[in-house]
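Rule-based calculations on the coordinates, nothing more; no lab input. This is a predicted model, so every value here is computed, not measured. All Cβ positions, even for glycine, are placed from backbone atoms using ideal geometry, and neighbour counts span all protein chains on display.
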Amino acid sequence: MQYEELPPISREEGEAALESGDPKTISEAIIRLALHDPDWRWVEDRCLSLLNHTSAEIRGASSASLGRLARIHGTLSIDRVLPALERLRNDPEVGGRAEDALDDIRAFLHLRN
């Protein structure tokens, strides 16, 4: 996998991308929003809503984005995020990504297992 710098995206561009229906476009948009949008709660809501998407690519990107939010902002709605990611751990397609996100959240928010 090659590292690719993802530039900021405006809220309007992000919303349009999230509604595009294209898994690659949606996945890239949620990651870009997590990396650059200052309103972590708004991005968190979008991530949580995408965790149940039919596309594994989107579920995985949303999981990873929650970990990025924890790293960048140092906070999340733990009571909402942890249970959602715990459920996703059983997903055979993205369970590993959910586990990675949980590890990041625990590390960056200094939570015990």
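Suppose we filter ARG32, ARG112, ARG59, ARG87 for residues that are of a type in the set (Lys, Arg), over 12 Å from the mean Cα position of the chain (by Cα) and in a helix (DSSP H, G or I); which single one remains?
ARG87 is the lone residue from the list that is of a type in the set (Lys, Arg), over 12 Å from the mean Cα position of the chain (by Cα) and in a helix (DSSP H, G or I).
Filter the range 65-88 for residues that are farther than 11 Å from LEU102 by Cβ and small (Gly, Ala, Ser); which is surrounded by the fewest Cβ atoms within 10 Å (Cβ to Cβ)?
Per the stated criteria, the residue is GLY74.
Filter the range 52-67 down to the residues that are closer than 15 Å to GLY21 by Cα and of a type outside the set (S, T, N, Q) and list them by number.
Matches in the range 52-67: HIS53, ALA56, GLU57, ILE58, ARG59, ALA61.
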